[in-house]
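Enquirer: To start, I am sharing the structure in question, which I have written as structure tokens.
Derivation of every value follows stated rules applied to the coordinates shown; laboratory data play no part. Keep in mind that what you see is a predicted model, and the values were worked out from it rather than measured. Here Cβ is always computed from backbone atoms with ideal geometry, including for glycine, and neighbour counts include all displayed protein chains.
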Amino acid sequence: MKICVAQIQSLKGNIPVNIKNHLNQIKCAIDLNADIIVFPELSIINYEPESAKKYATNIKHSIFKPFEALANKGKITIGEGMPTLADDGINISMLIFSPNKERTIYSKTLLYDDELPFFVCGKNQPFLTIKGQKIALGICYETLQEEHFLKAKENNATIYIASVAKSKKGTDKAYAYFSTMAKQYSTPILMANAVGYCDNFVSNGHSAIWNKNGECVGQLNEQHQGLLIYDTISNSAEIHQPIIEIGQLSDLEAIFQLYSKGRKHLNNNGIYQWIKTYPTLAIIENDLKNKELYVLKSNTKIIGAICLSHQQEEAYQTINWQFNNIKALVIHRLVVHPKQLGKGYASIIMNFAEDFAKKQLCNTIRLDVFSKNLKAIKLYQNRDYITRGNIHFPGREEAFYAMEKEILID
């Protein structure tokens, strides 16, 4: 069996965006043949106790239909965090979607003192049985309470999964505790932690897997989203964590091939935004020499790229930009490997670009997008980019839309 824990960054209360992020991660897990995927604590709304009452709902809500459909189609069990309504208050819950079964809920049975003003304890500790393995679930604070783990063992659990939202101090404590418990009870333990801001702290990532000997056989870093998969047969871990870094000249040929495959894919779909003379090897080499080209890697393999510079196309002078006199970051040549499309990688790259703009103290981002590339246009529109006019480039019959987004500096 393959068990997957997802390390993600959720946005406070932004349920549509968070759900989309979850679905993208689930699709990746399905591609990796995972049988179950578990997300961090309260992952759909982010760990925000003061906001939980506002968003609390029940598992039958229609917004969860895509998860049920994906569980059935991908033959995967999904566990995601959400506050739910109970007779006596609000629970911190994990919604569970199993293939062709009714939706179920596991609600946190032991609460941290700071959670008591906002939540009530759940009553039961259900278990999942998948491919002969009995899986116990725990949510954050209770996973570090020995009584919770012992109850799981009393019920013959063979795997323990902790869904958490922990700071560095919390992960340091969890690493020591989970290693000890895994070894003492010969039980593999997996931890799914969040990254980014949660409530009044920064969640520290470092999602990890401990085998039955208490050895950490796989972990993610503290900054990036990713998937960690434990194979119960081989007792090994797979790390799938996309990382963006500055491109190197030594990768020139690989990056050029990536752009060539991207161009071929667009042309095969009737989208002729890139032609034989663009982008050339010389253009990409120049991007690398100027240290303006960033690559997205997954398991050391380059699967995406983007050029970020302050150099604007000459044609941009014809556009009535709203922020003419303010320093602008310009996006050029965003590409994702055709086999990796639809998995949220373009959004990961755009998140990086917008964070980069803030660090560079840019108040606006500008780009141009081919008017026939409807998916790319939708990507930018969903991120609040506004069309300011049309541009025509040599060799293309159709126009490009000049788009712009204001970047608010913290």
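Enquirer: Could you sort the peptides 254-260, 153-159, 74-80 by per-residue average Cβ neighbour count (10 Å cutoff), highest mean leading? Could you put the intermediate results ahead of the total?
Expert: On the way: 254-260: 17.7, 153-159: 15.4, 74-80: 22.6.
With the highest mean Cβ count within 10 Å placed first, the list reads 74-80, 254-260, 153-159.
Enquirer: Output the Kirkwood hydrodynamic radius of segment 147-235, Cα pairs only, in Å rounded to one decimal. Display every interim value, and only then the final one.
Expert: Numbers: mean 1/r = 0.0751 Å⁻¹.
Hydrodynamic radius (Kirkwood, Cα only) of segment 147-235 equals 13.3 Å.
Enquirer: Let me ask you something else. In terms of the ratio Rg/(2.2 N^0.38 Å) built on C-alpha atoms, what value belongs to segment 78-145? Write out the running numbers ahead of the final one.
Expert: Details: Rg = 12.5 Å, N = 68, 2.2 N^0.38 = 10.9 Å.
Normalised Rg, Cα atoms only: 1.15.
Enquirer: Related question: Tell me what the chain gives for mean residue ellipticity at 222 nm when only DSSP H runs of n ≥ 4 count, each as -39,500 (n - 2.57), the sum divided by the residue total, rounded to 500 deg cm²/dmol.
Expert: Estimated from H runs of four or more residues: -8000 deg cm²/dmol.
Enquirer: Still on this structure, I have one more. Using every pair of alpha-carbon atoms in segment 296-410, split the distances into 10 Å bins beginning at 0 and state the percent of pairs per bin, rounded to integers.
Expert: With 10 Å bins starting at 0, P(r) equals 13, 45, 34, 8, 0.
Enquirer: Taking a cut-off of 18 Å between Cα atoms, list the lysines near Lys53, but don't count ones fewer than 8 places away on the same chain.
Expert: Once the sequence-local lysines are set aside, what remains near Lys53 is Lys12, Lys108.
Enquirer: A further question on this structure: Need one number: the % of Cα-Cα pairs in segment 179-337 sitting beyond the 24 Å mark.
Expert: Details: 6967 of 12561 pairs.
Within segment 179-337, distances greater than 24 Å cover 55 percent of Cα pairs.
Enquirer: Kindly provide the Kirkwood hydrodynamic radius of segment 1-140 in Å, to one decimal, from all pairs of distinct alpha carbon atoms. Please report the intermediate quantities before stating the final value.
Expert: Details: mean 1/r = 0.0662 Å⁻¹.
It is 15.1 Å.
Enquirer: If the convex hull of the alpha-carbon atoms of the chain is projected onto planes in all directions, what is the mean projected area in square nanometres?
Expert: Details: hull surface 84.3 nm².
Average projection, Cα convex hull of the chain: 21.1 nm².
Enquirer: Of Glu222, Glu314, Glu102, which is the most mobile in a GNM of the chain whose springs link Cα atoms less than 10 angstrom apart?
Expert: Evaluated over the chain, the most mobile residue of the options is Glu314.
Enquirer: To continue, here is another question. Considering Cα pairs under 8 angstrom that are at least six residues apart, work out the relative contact order of the chain and quote it in whole percent.
Expert: On the way: 861 pairs, mean separation 46.8, N = 410.
Relative contact order for the chain comes out at 11 percent.
Enquirer: A further question follows. Among Ile233, Phe178, Ala162, which residue has its Cα positioned farthest towards the positive end of the charge dipole of segment 2-240, with +1 placed on the Cβ of Lys and Arg, -1 on the Cβ of Asp and Glu, and the dipole taken about the Cα centre?
Expert: Of the listed residues, the answer is Ile233.
Enquirer: Binning at 5 angstrom from zero up to the longest distance, how are the C-alpha pair distances of segment 7-64 distributed in percent?
Expert: Pair shares across the bins are 4, 18, 26, 26, 16, 7, 3, 0.
Enquirer: Counting residues in segment 2-240 as N, plug N into 2.2 N^0.38 Å and put the Cα Rg over that result.
Expert: After normalising by residue count via 2.2 N^0.38 Å, the value is 0.90.
Enquirer: Positive end of the dipole of the chain, charges at C-beta (+1 Lys, Arg; -1 Asp, Glu), about the Cα centre: which of His224, Ala86, Trp274 has its Cα farthest in that direction?
Expert: Trp274
Enquirer: Now for a separate question. Report Rg/Rh for segment 113-155, rounded to two decimals, where Rg is the Cα radius of gyration and Rh the Kirkwood radius. Mind showing how you got there, number by number?
Expert: Working: Rg = 12.3 Å, Rh = 11.9 Å.
Here Rg/Rh amounts to 1.03.
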